[in-house]
Amino acid sequence: MDQSFLSSVQENSRIQRAIIEVMMEGASRLVHNREEERYQVVVLLDLPTLWQSELLVFESDARLKAFMERDTSEQTWTRLPLGSVCLQRFMLPANVEVHRFHELIQDEDYMHSGEVWLLVYNKRATFFAKKLNIPLIRML
């Protein structure tokens, strides 16, 4: 996708929601088709533009936890509270655990401040959804 298009996304919540839904549908398919429960499927949302957003797969909970620890002179992630307004903004499925961070990236020539959300698919809820043949994503 073109960065200028994604820059306009922050001003159009309908487009933003559609892009996030597509990413979550992809994550849901990965979760449903994964061969081993130990793999963690995560949607990383780079807000407000979604430019650096991506689907991630971690080999274990420990690797996911290590990924979330960003505290260097070049990059820091500071945990943000999960307000109910934030969660309602995207109408997330019940099997998704949300981690919200303020991101600060800086070096000699560049500085960026934004928000990062990690939408982590809960293994236990996913297991029961598969057993009961319940869809993991609710369409809005």
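Accessible surface of ARG79, taken over heavy atoms with a 1.4 Å probe and every protein chain present, rounds to 140 Å². Accessible surface ranking for SER113, SER53, 1.4 angstrom probe, highest first: SER113, SER53. Amide H contacts for GLU97 (H built 1.01 Å from N in the peptide plane; partners 5 or more residues away or on another chain; cut-off under 5 Å): VAL120, TYR121, ASN122. Rolled with a 1.4 Å probe across the full set of protein chains, the surface gives GLU103 an accessible area near 20 Å².
Could you put PHE67, PHE101 in order of accessible surface area, largest first, with the 1.4 Å probe and the full protein assembly present?
PHE67, PHE101
The values are calculated or read from the model by the stated rules, or taken from the named source; none is laboratory data. Treat the numbers as computed from the prediction; the structure is a model and nothing was measured. For the accessible areas, the whole protein counts, side chains as well, though only heavy atoms, and no ligand, DNA or RNA atoms are used. Shrake-Rupley method; radii C 1.70, N 1.55, O 1.52, S 1.80 Å.
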